[in-house]
Amino acid sequence: MALHGQMEQLELEEPSADFTGLVMSRLTLAEESPSSKVPPPRSRFILRPELANALVATTATYLFLASGFVGAVFSVDRGIIENQLYDKAQAVMDWVILLSKALQ
């Protein structure tokens, strides 16, 4: 209620006498002049960050599966697992880094 009382104490300001005429003349000028209408810029296809991240994640998953990475995990020989995992993980990480740099 204190705010309402303070607002009542303020002076009431009126616009100048020709304010309405000026606004209406500017509106009609803007409608009549064809040069004031600027066509919107053509939108380019830009990858949103979420879409770029999803593409990188999908590609990394595909590379893990296609390279036999999952098969090496289920392999019995520990030495083969270590060698294959390191080689395949390094190859996949190289692809992921390459793709993420290409998308930036």
Next item on the list: Tell me the label-point distance for the pair Ala57, Ala17, using the 7 Å Cα-to-Cβ offset, in nm and rounded to one decimal.
Entry: 6.8
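Once R0 is set to 35 Å, what does the formula 1/(1 + (r/R0)^6) return for the Cβ-Cβ distance between Ala102 and Glu31, expressed as a FRET efficiency to the nearest 0.05?
Details: r = 47 Å, r/R0 = 1.36.
So, using R0 = 35 Å, E works out to roughly 0.15.
We did not get these values from a lab; they are worked out from the coordinates using the rules stated. This structure is a prediction, so every number in the text was calculated from the model and none was measured. Heads up, the Cβs are rebuilt from the backbone with ideal geometry, glycines too, and the neighbour counts pull from every protein chain shown.
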